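What follows is a set of notes on a single structure, which appears directly below.
The values are calculated or read from the model by the stated rules, or taken from the named source; none is laboratory data. Remember, predicted model here, so these are calculated numbers, not experimental data. Neighbour counts run over all protein chains shown; Cβ positions are idealised from the backbone, glycine included. Heads up: the accessible areas ignore ligands, DNA and RNA and are worked out on the full protein's heavy atoms, side chains in. Shrake-Rupley method; radii C 1.70, N 1.55, O 1.52, S 1.80 Å.
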Amino acid sequence: MNRFAELLDRLAYEPGRNNKLRLITGYFREVGDPDRGYALAALTGALSFKHAKPALIRDLIASRTDPVLFGLSYDYVGDLSETVALMWPKRVPGNGESFPGHPSPPPSPARGEGAQLGAGQQTSSTTDRDSASDGRTTPTVPSPLAGEGQGGGYRGRDARDALHPSNHNNPPPPTLTEVVTTLRTLGKTELPKQLERWLDELDETGRWALLKLVTGALRIGISARLAKTAAAALGDKDPHEVELIWPGLAPPYLDLFAWLEGRGDKPVNRDPAPFRPVMLAHAIEDTDFAALDPADYVAEWKWDGIRVQAVAGRDERGHVTARLYSRTGEDITGSFPDLVPSLRLAGAIDGELLILREGRVQSFNVLQQRLNRKVVSPKLIKEFPIHLRAYDLLGDDANDLRELPFAERRERLETFIGKLDDPRIDLSPTVPFASWQALTAARADPASAGAGEDADAVEGVMLKRRDAPYLPGRPKGQWWKWKRDPHIIDAVLMYAQRGHGKRSSYYSDYTFGVWTAGEAGDELVPVGKAYFGFTDEELLQIDRFVRRNTTEKFGPVRHVVHEPDTGLVLEVAFEGLQRSQRHKSGVAMRFPRISRLRWDKPPREADRLETLENMLKADESLPTIKVAASADSR
Amino acid sequence: MRGSSPAMTGEYRDTGAYMSTMRPQDILLPAAAGLCCKPGGFHIDPVRPVERAVITHGHSDHARAGHGRVLATQETLDMMRLRYGENFAGSTQAICYGEEIRLGDVRVKFHPAGHVLGSAQIAVTCKDTCIVASGDYKDAPDPTCTPFELVPCDVFITEATFGLPVFRHGDAAGEVRKLLASVALFPERAHLVGAYSLGKAQRVIALLRQAGYDAPIYLHGAMEKITKYYQSRGIDLGELRPVMGVKKAALAGTITLAPPSATSDLWTRRFPDPVTAFASGWMRVRARARQRGIELPLVISDHADWDGLTATIAATGAGEIWVTHGQEDALVHWCQSKGLRAQPLDLVGYGDEEESETPLQDEAEA
Ligand SMILES: [Zn+2]
């Protein structure tokens, strides 16, 4: 458990993806079965047990520490688990109730008496202290270190060390396996005593991880995908191979590690309806088109819904199992029971989940309302009828189609959907085009290019190479997404802040503003913050500008000059606007990013708040604004 | 709480009176310039220029320039000379650990504080009352300075930089092993260790050597002078090199020590994909480490931790404790719960030392 805690602790501070991978793979290499398997389960969110309430943790610490000291500590640290982990006074059998930080009967304040505890090798005593010199010849400098200055002169810690003897007197700290397997079966009444024992046995980091784990507050900041990739690296395997067999595996993954280390056969996924890692698209840039031939590509609408994989398969007895997966492989079947009966043909469909009312695709906002509900009631199903719009077929009955070119898969898909003949599942139409100009026009006006009344739910077009096999991940040049033009304004840089991790030496987080009428003439009002969009070279330029034009510093934040004639204009692109009480300007941007540096433009020529307000009105007439949190899931 | 500090309760009485009934506050009393010993005619670690200063150690919030006469250990005087130049004081007098001298009506004796090279606790005795002003101290092992010595006394003045039970520094050697494990795991990256220039940096280097690390260690320019001084006092730190002028690629797999402020600055761009470490007692609290963008927090402190503070206080046998420099409230509470008289000692201008600085403010939104 201590070693696992150390890994979690290190991961929490490490910003780099590759470095996180190295840390996790290093752990898998160093730690044996079954501990590493339970660690993999914890990292992929595959562990489940009843969680302890924070009140239980509070009771435990209250039984061991002075409430005033706990209160002051908690105020300082600000996190319950961490405070308890740091100040937990270990109890060692036979040592009674005397702990640092816990009041116990006061010692005699008489001079010298307490000192006997630690003054064993002191030569000075209360009697010779009064003489002018006690004749000792302590050198001022611990000249050459050997034999001296290694500490140990003062034995004041001995009293405490007796309370914290090294491990040979203690039961060994629990392993991760012990913690996980015990928690699974432990009764509620036994939990406090068990936790107390573990807290006594673990070190600070171990206690922190244990408390986070049992309270269900373990946020590691890595994806399940990353943990699987780290496991794959142990055996130099492709992470997709692990992904493919994953649904058939269970903690502590002994068969997986045996295979990865070359000691066993590859585990077989016996799941009749397994998830297949998804293929993703690159965002296309204007400059990319020159190298592309329109004839090589098929275009489809990019729907503003949720990307899913709908899989149906037959088990050994011929029964059909149907499952719906998110694009990360999470099983979301339970949230859409109304779609399951439609998945009756064995196969694997890649498509978009949408809400259809009277044959019309609803905005993402409407879909969002259904996603927000925890309980799927008959009323919800009726008001928010679910629909699957299919654009690819990865498996047809028992046949894996992923090696086939897209054009061929598309034909199979059309046949499959026709055979299925279900009102809840239809085909995503292709968008015919002969040239990039024609496609540009279609993208600008989906309604008249075939999307008709569903045009509001179109957020751009997808381009797929006719000959592309279905490759997991984001392979270069196969699929492109071409979103509708983002909104763009010119704003003025107002404040800059240091970034995090690798960018912590740069001012890379920018607050920008636009002009509005103030009491004393025009003034800048902040309208957003951006952290990306610029190139590395542009980052250096902005960083230099910030350092040379700082007017004030507040902690990590610098105020940067922003006058009508001096300052930096940033071209900011964003996806949409929302009204916001939290912002002084009254508007909040979705996904703002720096698209260009306008060194050529004086700040006085930057945009005004009215421009944003007009955009907001236009946006509100299109009900396609979605919340930021959902943007990543599609 | 503050109203009952010695400054408020003790009205200073003239010479005739204190000879007969000696209260601690008649011997040492907080004043605007620092802790003042009227019967001895000196201040301890004064923050303003005074006629006669007695100084515990070389950190800049304790050792300032401009005093008339300065009494300190040879190392502390040397460090002041390094920082402030030859004329940092009117005159100086060096004193050894264990040596006692008479100043006015009191006797003053220096004892090792185990904080940094040359650091001392100052025992002030008048009649039969002994007060120990311990300055900054630690009771943990440190290969670069003389170990802390326990001095029995009537009144113990203790720092409280890490005066909360959440601060337990653990084994510094273990933290250094953590650093070395990271160097082994990431041989293509540079490891940049933020450490205060006086004391901490040299201790980290010495701990690395103890752990068997014998490759050259690189230094930021700001710590070269003081580190050379440590070496000149016979402290073996192995091969050290200035990092200035070294090619980026050559720094892969190496360890560089730098002042903490440098580890988050432009200066770091000369290193290949640096792992930023910081050696400080503050690193025990995660939010603090994250706030500074640290990737590898190393809990190594030159101050006593909570367990060290409380064990030391109990062991001195002092019946009265004055607490200064940090988290006074918790430590005062602990003392009182042990039946000891305790109060915060309000010293204006203290607490500016590097390690006890308030870390950067929370980033506005991040
Ligand atoms: Zn100090």
With a cut-off of at least 1 residues that are within 23 Å of the chain's Cα centre (by Cα), name the strands (runs of 3 or more DSSP E) lying wholly within segment A:477-522.
-> A:487-498, A:507-518
Find the residue count for segment A:532-543, including only residues that are within 11 Å of A:Ala496 (Cβ to Cβ) and open to solvent by 40 Å² or more (accessible area, probe 1.4 Å).
-> 0
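Matching residues to (1) outside the structural domain of B:Ser119 (by TED's automatic domain parsing); (2) in contact with a His (Cβ under 7 Å, 6 or more places away or on another chain); (3) among the hydrophobic types (A, V, I, L, M, F, W, C); (4) loosely packed, with under 15 Cβ neighbours inside 10 Å:
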site	(1), (2), (3), (4)
B:Ser60	no, no, no, no
B:His67	no, no, no, no
B:Tyr84	no, no, no, no
B:Ala89	no, yes, yes, no
B:Ile95	no, no, yes, no
Members of segment B:124-146 that are within 14 Å of the ligand (Cβ to nearest atom) and either out of contact with any strand residue (DSSP E or B) (no Cβ under 8 Å at 6 or more places or on another chain) or not in a loop (DSSP other than H, G, I, E, B) (or both) = B:Ala133, B:Lys138, B:Asp142, B:Thr144
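Rundown of residues vs (1) part of a helix (DSSP H, G or I); (2) of a type in the set (Val, Ile, Thr); (3) closer than 28 Å to A:Ala39 by Cβ, yes/no style:
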site: A:Glu241; (1), (2), (3): yes, no, yes
site: A:Pro247; (1), (2), (3): yes, no, yes
site: A:Pro252; (1), (2), (3): no, no, yes
site: A:Val268; (1), (2), (3): no, yes, yes
site: A:Glu300; (1), (2), (3): no, no, no
Could you tell me which numbered condition B:Asp352 fails, if it satisfies all but one of (1) open to solvent by less than 40 Å² (accessible area, probe 1.4 Å); (2) on the phi < 0 side of the Ramachandran plot; (3) within 16 Å of the ligand (Cβ to nearest atom); (4) modelled with pLDDT under 95?
-> (1)
Determine which single condition A:Ala455 fails, assuming it passes every other condition in (1) more than 20 Å from A:Glu411 (Cα to Cα); (2) assigned to a loop (DSSP other than H, G, I, E, B); (3) among the small types (Gly, Ala, Ser).
-> (2)
Mind checking whether some residue in segment B:184-198 is of a type in the set (Val, Ile, Thr), within 16 Å of the ligand (Cβ to nearest atom) and in contact (Cβ under 8 Å) with a residue 12 or more places away in the chain?
-> no
Could you tell me whether A:Lys382 is without any contact (Cβ under 8 Å) to a residue 12 or more places away in the chain, assigned to a helix (DSSP H, G or I) and in the same structural domain as A:Val340 (by TED's automatic domain parsing)?
-> yes
Free of Cβ contacts under 8 Å to residues at least 12 places away in the same chain, closer than 20 Å to B:Ala304 by Cα and open to solvent by less than 30 Å² (accessible area, probe 1.4 Å) - does that describe any residue in segment B:112-122?
-> no
What are the residues in segment B:264-289 that are of a type outside the set (Gly, Ala, Ser) and more than 7 Å from chain A (Cβ to nearest Cβ), if any?
-> B:Trp267, B:Arg270, B:Phe271, B:Pro272, B:Asp273, B:Pro274, B:Val275, B:Thr276, B:Phe278, B:Trp282, B:Met283, B:Arg288
Residue ID - nearest to the ligand (Cβ to nearest atom), chosen from residues in segment B:302-325 that are more than 11 Å from chain A (Cβ to nearest Cβ) and touching a strand residue (DSSP E or B) at 6+ places or on another chain (Cβ under 8 Å) = B:His303
The lone exception for A:Arg276 - which of (1) surrounded by 16 or more Cβ atoms within 10 Å (Cβ to Cβ); (2) within 26 Å of the chain's Cα centre (by Cα); (3) not in a loop (DSSP other than H, G, I, E, B) it fails | (3)
Only residues in segment A:187-215 that are within 25 Å of B:Ala287 (Cα to Cα) and of a type in the set (Ser, Thr, Tyr) count as the first member; pair them with residues that are outside any loop (DSSP other than H, G, I, E, B) and open to solvent by less than 30 Å² (accessible area, probe 1.4 Å), Cβ under 9 angstrom, at least 6 apart or cross-chain, and list the lot.
-> A:Thr205/A:Ala5; A:Thr205/A:Leu8; A:Thr205/A:Asp9; A:Thr205/A:Ala85; A:Thr215/A:Ile57; A:Thr215/A:Leu80; A:Thr215/A:Ser81
Tally of residues being touching a helix residue (DSSP H, G or I) at 6+ places or on another chain (Cβ under 6 Å), open to solvent by 30 Å² or more (accessible area, probe 1.4 Å), within 28 Å of A:Val340 (Cβ to Cβ) and assigned to a loop (DSSP other than H, G, I, E, B) across segment A:396-452 | 1
Looking at (1) away from the ligand (no atom under 16 Å from the Cβ); (2) at the interface with another protein chain (Cβ under 7 Å from one of its Cβ atoms); (3) in contact (Cβ under 8 Å) with a residue 24 or more places away in the chain, can you tell me which one B:Leu180 breaks?
-> (2)
Do we have any residue at all in segment B:160-173 that's closer than 18 Å to B:Leu29 by Cβ, modelled with pLDDT of 95 or more and away from the ligand (no atom under 16 Å from the Cβ)?
-> no
Being more than 15 Å from the ligand (Cβ to nearest atom) and open to solvent by 10 Å² or more (accessible area, probe 1.4 Å) is the filter; apply it to segment B:42-56 and report the residue that is farthest from the other protein chains (Cβ to nearest Cβ).
-> B:Arg48
Regarding A:Ala250, is this residue under 22 Å from the mean Cα position of the chain (by Cα) and closer than 22 Å to A:Gly45 by Cβ?
-> no
Kindly establish whether A:Val77 is surrounded by fewer than 17 Cβ atoms within 10 Å (Cβ to Cβ) and either more than 14 Å from chain B (Cβ to nearest Cβ) or β-branched (Val, Ile, Thr) (or both).
-> no
Hey, among B:Tyr97, B:Tyr84, which residue is farther than 23 Å from B:Gly281 by Cα and at the interface with chain A (Cβ under 10 Å from one of its Cβ atoms)?
-> B:Tyr97
